[in-house]
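J.: Just passing along the structure, written as structure tokens.
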Amino acid sequence: MKRVLVLGAYGLIGAEVVRDLLACGHEVTGLGRDRATALRAFPDLVWQIKDLRDLTAAPAWQPLLQDIDAVVNCAGALQDGDADDLNAVHHDMLAALSEHAAKRDVSIVQISAAGVSADANTAFFRSKAAGDAALLASGAPVWILRPGLVIAQQAYGGTALIRQLAAVPFVQPIAMGNAQIQTLAATDLARVVHEALDGTLPPGRAFDLVEDTPHSLSNVVAAHRMWLGFAPARFTIPMPRVLLPLVGKMADGLGQLGWRSPLRSSAIKVLAEGVRGDPKPYAEFGKPLMGIAATLASLPAGAEHRLQARAGLLMPLMVLGLALFWIASGLIGMWSLTPASEVLIQVGWPKGLALASVLFWAVVDIILGLAVMWRIWARPACLGMISVSVMYLVSASVVTPALWLDPLGPLVKILPATLAALALHMILERR
């Protein structure tokens, strides 16, 4: 039994590692930066709530490594942004951790990525390579594990995008369909982490963890389509490669609003190069790794997975639709200020109060429409939309009940918009 600190313990990989370590009898402490998400994932786990960007000096690790035998780093970021700093999380934090770990003889298992290199064309791979090098040079007992595309029961990032593509009905849109992918089952990755901790794998080395045979991205999506139980696509719609840089820049722009899209420029560059590694070094010491067919066969797929894939596919359209609806509602209210206020004047409101009321709620509509496009405010904005809609319905029913019989149905149309805001609020819940 070891006392293990897992960094990024509620992430896709981290959660699988935590479950496996607990099942094997280890004492696990999780580290994450969001307490609510941490407790939702593992309510009974001991948690350290820290931001890894604040742990870039060796002394910061002293209290965290008290009574700890090993650290498993499952944390990472795809691209720099308001909430992410690749150099800090992938290199500086690990250099500080390994410096302190070497003094205390604390083992470190690093979950890196297949294909990392110091001269890669993405900051993601370069920063990962720098962190791996710092760990190997530290003198601490270190294992570097470099998985391919990790497939788990849940999905996030690239695997979520694959499921969303598989959920497109009738046709199969795809870009870079010939890109070569080698996958890894999350359960296999968790098992290899345990092999490192119990000494089965020799320390001080890097191991690519990938299946033997690469597959095209088209085949990976098709395999997920079959696994999820969606009907085969009738034909494929390839996206012109020339459009990908534009898509990446648009996704990067959305990243400035907090939307961490799997279509950001770094992900597109990584995919263009393929997700590949050399399975032979690990094969000398470990058990065989499952291929994609065996991995998917080992994971039950139900209606909840199909619903999640479809919800992820529709989510951007729901955000855009609600934003346009509320912004347009506010602008129309301002444009039709006098006619709209006449409705209130006719039931006895003073003219000044009627004009002020219409103008005030038009501004509220526009603010809510803008807020839902900013990720940090999207869920509160949905609650605001629901609250304002209910207030509109109640007040209009009291003051101007005749609007329920209006041929254009201004009150009736509020109901589906309210339900859409409620659905989006649920979909946007963080993992």
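Every number in this text was worked out from the coordinates using simple rules, so none of it is lab data. All of these numbers come straight from a predicted model, not from anything done at the bench. Every residue, glycine as well, gets a Cβ built from its backbone with ideal geometry; the counts of neighbours run over all protein chains shown.
J.: Taking the alpha-carbon centroid of each part, what is the distance from segment 346-381 to segment 216-251 in angstrom?
T.: Using only Cα atoms, the two centres lie 40 Å from each other.
J.: Next question. Just to check, using Stokes-Einstein with a Kirkwood Rh over alpha carbon pairs, what's the diffusion coefficient of segment 314-427 at 37 °C and 0.692 mPa s in µm²/s? Could you put the intermediate results ahead of the total?
T.: On the way: Rh = 14.5 Å.
Taking Rh from Cα pairs, D becomes 226 µm²/s.
J.: Compare the Cα positions of 183, 301, 355 along the charge dipole of the chain (+1 at Cβ of Lys, Arg; -1 at Cβ of Asp, Glu; about the Cα centre) and return the one farthest towards the positive end.
T.: So the residue furthest toward the plus end is 355.
J.: Before rounding to the nearest 500, sum -39500 (n - 2.57) across all DSSP H runs of length at least 4 in the chain and divide by the residue total; then give [θ] at 222 nm in deg cm²/dmol.
T.: On the way: 16 runs with 211 residues, N = 431.
It comes out at -15500 deg cm²/dmol, rounded to the nearest 500.
J.: Still on this structure: For segment 195-296, which chymotrypsin sites (Phe, Trp or Tyr not before Pro) are both in a DSSP coil and crowded by at most 14 other Cβ atoms within 10 Å?
T.: Values: sites: 207, 227, 230, 235, 259, 282, 285; in loops: 230, 259, 285.
Those that pass, being in a loop and sparsely packed, are 285.
J.: Give me the Kirkwood hydrodynamic radius of segment 3-301, using the inverse of the mean 1/r over all pairs of distinct Cα atoms, in Å to one decimal. Numbers along the way, then the final one.
T.: Numbers: mean 1/r = 0.0507 Å⁻¹.
So the Kirkwood estimate lands at 19.7 Å.
J.: Just to confirm a number: summing +1 for Lys and Arg and -1 for Asp and Glu over residues other than residue 98 whose beta-carbon lies under 14 angstrom from that of residue 98, what do you get? Show your work: numbers first, answer last.
T.: On the way: positive: 103, 104; negative: 92, 99, 105, 132.
The answer is -2.
J.: Now for a separate question. If we count every other residue with Cβ under 14 angstrom of residue 192's Cβ, Lys/Arg +1 and Asp/Glu -1, where does the sum land? List each step's numbers first, then the result.
T.: Details: positive: 146, 191, 205, 287; negative: 16, 20, 188, 195, 198, 208, 211, 284.
Overall, the nearby charge balance is -4.
J.: Then there's this: Over the alpha carbons of segment 1-81, what is the largest minus smallest coordinate on each principal axis, giving the biggest first in Å?
T.: Computed over the Cα atoms, the extents are 36, 26, 20 Å.
J.: Further question: If I stretch the segment between residue 399 and residue 219 completely, what's the gain in nm (0.36 nm per residue apart, minus their alpha carbon distance), one decimal? Numbers along the way, then the final one.
T.: Numbers: separation 180, 0.36 × 180 = 64.80 nm, distance 5.96 nm.
In short, 58.8 nm is gained.
J.: What range in the chain is the longest one free of GluC sites (Glu not before Pro) that are in a loop by DSSP and have at most 15 other Cβ atoms within 10 angstrom? It would help to have the intermediate numbers written out before the result.
T.: Details: sites that count: 284, 429.
Longest stretch, sites excluded: 1-283.
J.: Considering only DSSP beta bridges where both residues belong to the chain, give the percentage that are antiparallel (nearest 5).
T.: Numbers: 3 of 37 bridges.
Within the chain, antiparallel bridges account for around 10 percent of the total.
J.: From the square roots a ≥ b ≥ c of the eigenvalues of the alpha-carbon gyration tensor of segment 190-317, which class results: rounded (a/c under 1.5), prolate (a/b over b/c), or oblate? Mind showing how you got there, number by number?
T.: Numbers: a/c = 1.95, a/b = 1.49, b/c = 1.31.
The shape class here is prolate.
J.: Can you sort 383, 344, 368 from fewest to most other Cβ atoms within 10 Å of each residue's own Cβ?
T.: Numbers: 383 13, 344 18, 368 27.
Final ranking by Cβ density, sparse to dense: 383, 344, 368.
J.: Based on the alpha-carbon gyration tensor of segment 51-154, what equivalent-ellipsoid semi-axes (square roots of 5 times the eigenvalues) come out, in whole Å, largest first? The partial results should precede the final answer.
T.: Values: eigenvalues 95, 46, 38 Å².
Rounded to whole Å, the semi-axes are 22, 15, 14.
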